[in-house]
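Report on one structure; see the data block that follows.
The values are calculated or read from the model by the stated rules, or taken from the named source; none is laboratory data. Model, not experiment: these values are computed from the prediction. Every residue, glycine as well, gets a Cβ built from its backbone with ideal geometry; the counts of neighbours run over all protein chains shown. Surface accessibility is based on the protein's heavy atoms, side chains included, excluding ligands, DNA and RNA. Shrake-Rupley method; radii C 1.70, N 1.55, O 1.52, S 1.80 Å.
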Amino acid sequence: MRSNKFKIRLLIGIAIVAFAFIKRCSSKETNPFTGRVQTINMTSDQEIAIGLQSAPQMAQQHGGLHPNESYQALVDNVGNKLVSNSIANQTPYQYEFHLLADPNTINAFALPGGQIFITYALFSKLENEDQLAGVLGHEIGHVLGRHSAERIAESEFWNTVTTGASVGADMGGLVSGIGQQTLLTNGRGDELESDDLGVKFMIKAGYNPEEMIGVMEILKAAAGPNRVPEFQSTHPDPDNRIEKIREAITKYKKTP
Ligand SMILES: [Zn+2]
């Protein structure tokens, strides 16, 4: 009797895990702008809606928008120049660039669908327009690479697998460990892809891509021994990024 019960649990568990894998296979698609195959389970319109919906809250968490109109105009200018000179202008996304008032948190981030933010703390550390282009180009890379949507799909997948595994054989802990690691690995990949795309957009828009390395140096210096800025915390080691950025510069200078 006890063994039958176990068998049923196991079968249900296997069914849930199988469902997760089938669902993941059916939601694979090739990103037309990066050429990379990824798991996505939402439309671009849904991404845009999520971004627009979360934008005011994100701004509020960083002290709202910065009041200086000429700084905001510079951010708009550089952002729009990057979009209009690259494949970003062929995407369905609506790019908007926001300068946040936050003077303490060195950060930049992108919501799905095109809402892009940079804090005044990071903005004020930048030495030139090219470095601003580097930060915004990297964030445009996250939008166009659909990294948030991919993360959402991945976490749904792992939740379902974890449920299935814990129903079936009480392996939830083990499987969720694997899931987390996968998410982390994807995160690192996301950052490198965004750096690569950022360099490409900089070159297309006539900016000096070497300044992307300058941005990395600023992040490295700002991090200090204890303070890890959010922009950097989930990111690969800056030295590793610099190496990949140099490779991207060589690659895109040959065939921009
Ligand atoms: Zn990033």
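With both bridge residues required to lie in region 39-149, what share of the DSSP beta bridges run antiparallel, to the nearest 5%?
Among the beta bridges of region 39-149, antiparallel pairing accounts for roughly 45 percent.
What's the FRET efficiency of residue 69 with residue 21 using the Cβ-Cβ distance as r and R₀ = 51 Å, to the nearest 0.05?
0.50
Working with all protein chains in place, sort 211, 150, 69 by solvent-accessible area computed with a 1.4 Å probe, largest first.
69, 211, 150
Roll a 1.4 angstrom probe over the protein heavy atoms and tell me the percent of accessible area of region 62-114 that is carbon or sulfur.
Using a 1.4 Å probe with all protein chains present, region 62-114 comes out at 48 percent carbon and sulfur.
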